[in-house]
Amino acid sequence: MSAGSRSAPNDFSVSEPVPFIDLVQQYQHIATDVQESVQRVFTDQAFVLGEEVSEFECEVAEYCDSRAAIGVASGTDALILSLMALEIGPGDEVITSPFTFFATASSIARVGAKPVFVDIDPASFNLDCGQVEAAITERTRAIMPVHLFGQCAEMEPLWRIAVRERLAIVEDACQAIGAEYHGRRAGVLGTVGCFSFFPTKNLGGAGDGGLITTDDAELATRLRRLRVHGDAGGYRHLEVGYNSRLDALQAAVLRVKLRHLDSWSDARQENARRYGELFRHYQLLDTIELPAVLADRRHVYNQYSVRVRGGKRDAVLKHLRDHQIGAAIYYPIPLHQQECFADLGYRTGDLPQSEAAAREVLALPIFPELQAYQQELVVRGIAESLGRLSRGASIQPKFEFPDQQRAA
Ligand SMILES: *Cc1c(COP(=O)(O)O)cnc(C)c1O
């Protein structure tokens, strides 16, 4: 275990758990500011909407370069309210990806419309735009691309289709705040953009929260009304809405964290770059396929998902878990294969790229505070699980480990 006894490279045996995500560490850096901000809300006792929320909405609108931002109770509600504001409901169809978090499609089903799944582009895990056209029927009302893992979907072909077919575009940007496509940010790439502030997102609150961006003033007005029971003011209800507001306490926390978001995203990118170096160093690129960054994108890596080829994903995951190295599968079951969507009539094999991705993906720790040696522990763990470090292979660590520093 000690550095001194590490004469042969194979003796290298630093072993410590690597968390998948470490929100405690992040909080330690910002605790004073967060507490001050939260204290302000308690002093004012203004818990629902109010200035804290409207200030945060302005700041996010500015951040995304959108005209309006409407805070709501969750990312799921952002999607549902957007569909409601677009008057999408029973009899309507919305085209989306099956390889995403459940809420993408459940929001469509929740308003009574039908999710129509189009397979993904295997390189980006995002909607394969080339297949969207063939899925359009007279009932299609909208396309809901997902910017999965923090990288924007290919939008230009969708814009052309949407204009020609008069469809709305609802961006599921829940994993992609700050992501860019051709220099424009997620949230202004469609009719409406939907964000989540679930604690593990890149901008995470102290509980649930969400937000909708739009450049359409009429939609913005309607969304503001829908989140307060369709009340136009003075208990005059123009339509049946919802109770879905962003809490002032959440806004207070999020305003502090928004100021750090870009440096956190830079750190995630730096970690991603370092994984690339490490997988090359350990010569694992024959089995591990790194996430592709498409041209003219800013990938913000809410997740860093590799593919494990050769049917070895589950064995790799088990090895990492056995050694307390964080890893996760997003997502193990594509949505067209979920029991609750059985009545949509999809069969196994219908969306082969999504099904293959579900079998092969493995998300590795990528949180901003992650250190180089921790990443190396992850990669060494993968190398071990593939039998690359146990058969006399001698691969010296690439980065300095704390253990070595102490021994020096
Ligand atoms: C997190 C997430 C949602 C839902 O957000 P909540 O705030 O948890 O309701 C929707 N879509 C995607 C792609 C997500 O990652």
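The values are calculated or read from the model by the stated rules, or taken from the named source; none is laboratory data. Bear in mind that the values here come from a model prediction, so they are computed numbers and not experimental data. Heads up, the Cβs are rebuilt from the backbone with ideal geometry, glycines too, and the neighbour counts pull from every protein chain shown. The protein model used for the area step is the full one, side chains on, heavy atoms only, and it has no ligands, DNA or RNA in it. Shrake-Rupley method; radii C 1.70, N 1.55, O 1.52, S 1.80 Å.
Numbers at a glance
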read-out: Any hit, region 369-377, residues being open to solvent by less than 20 Å² (accessible area, probe 1.4 Å) and either farther than 18 Å from Val18 by Cβ or without any contact (Cβ under 8 Å) to a residue 40 or more places away in the chain (or both); value: no
read-out: Val192 being within 14 Å of the ligand (Cβ to nearest atom) and more than 22 Å from Tyr304 (Cα to Cα); value: yes
read-out: Residue that is within 16 Å of the ligand (Cβ to nearest atom), outside the structural domain of Ala168 (by TED's automatic domain parsing) and either in a helix (DSSP H, G or I) or modelled with pLDDT under 95 (or both), where the choices are Arg268, Arg280; value: Arg268
read-out: Some residue of region 166-183 being out of contact with any helix residue (DSSP H, G or I) (no Cβ under 6 Å at 6 or more places or on another chain), within 11 Å of the ligand (Cβ to nearest atom), in a strand (DSSP E or B) and modelled with pLDDT of 95 or more; value: yes
read-out: Lone unmet requirement of (1) within 15 Å of the ligand (Cβ to nearest atom); (2) farther than 30 Å from Ile21 by Cα for Lys114; value: (1)
read-out: Single residue of Ala73, Ala68, Ala113 found to be under 20 Å from the mean Cα position of the chain (by Cα) and modelled with pLDDT of 95 or more; value: Ala73
read-out: Any chance Ala123 is more than 16 Å from the ligand (Cβ to nearest atom) and out of contact with any Asp or Glu (no Cβ under 9 Å at 6 or more places or on another chain); value: yes
read-out: Single residue of Gln39, Gln25 found to be free of Cβ contacts under 8 Å to residues at least 12 places away in the same chain and open to solvent by 10 Å² or more (accessible area, probe 1.4 Å); value: Gln39
read-out: Ser354 vs. criteria of a type in the set (S, T, N, Q), closer than 19 Å to Phe279 by Cβ, modelled with pLDDT of 95 or more and open to solvent by less than 10 Å² (accessible area, probe 1.4 Å); value: no
read-out: Evaluation of Gly130 against (1) away from the ligand (no atom under 14 Å from the Cβ); (2) closer than 23 Å to Pro157 by Cα; (3) in a strand (DSSP E or B) (one fails), failing number; value: (3)
read-out: Scope region 79-101; condition of a type outside the set (A, V, I, L, M), out of contact with any strand residue (DSSP E or B) (no Cβ under 6 Å at 6 or more places or on another chain) and within 15 Å of the ligand (Cβ to nearest atom); matching residues; value: Phe101
read-out: Qualifying position, being assigned to a helix (DSSP H, G or I), open to solvent by 10 Å² or more (accessible area, probe 1.4 Å) and within 8 Å of the ligand (Cβ to nearest atom), among Thr76, Thr104; value: Thr76
read-out: Some residue of region 169-176 being surrounded by fewer than 20 Cβ atoms within 10 Å (Cβ to Cβ) and touching a residue at least 60 places away in the same chain (Cβ under 8 Å); value: no
read-out: Test: residue in region 193-216 that is among the hydroxyl-bearing types (Ser, Thr, Tyr), open to solvent by 10 Å² or more (accessible area, probe 1.4 Å) and part of a strand (DSSP E or B); value: yes
read-out: Contacts under 9 angstrom Cβ, first residue in region 73-95 being free of Cβ contacts under 8 Å to residues at least 40 places away in the same chain, partner β-branched (Val, Ile, Thr) and open to solvent by 10 Å² or more (accessible area, probe 1.4 Å), 6 or more apart; value: Gly89/Val111; Pro90/Val111
read-out: Residue check, Ile288 within 16 Å of the ligand (Cβ to nearest atom), touching a residue at least 60 places away in the same chain (Cβ under 8 Å) and among the aliphatic types (A, V, I, L, M); value: no
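So that you can scan it fast, the table gives a plain yes or no per residue for (1) modelled with pLDDT of 95 or more; (2) outside the structural domain of Ile177 (by TED's automatic domain parsing); (3) more than 16 Å from the ligand (Cβ to nearest atom); (4) hydroxyl-bearing (Ser, Thr, Tyr):
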position	(1), (2), (3), (4)
Lys201	yes, no, no, no
Thr214	yes, no, yes, yes
Ala220	yes, no, yes, no
Arg225	yes, no, yes, no
His229	yes, no, yes, no
Ala232	no, no, yes, no
Val240	yes, no, yes, no
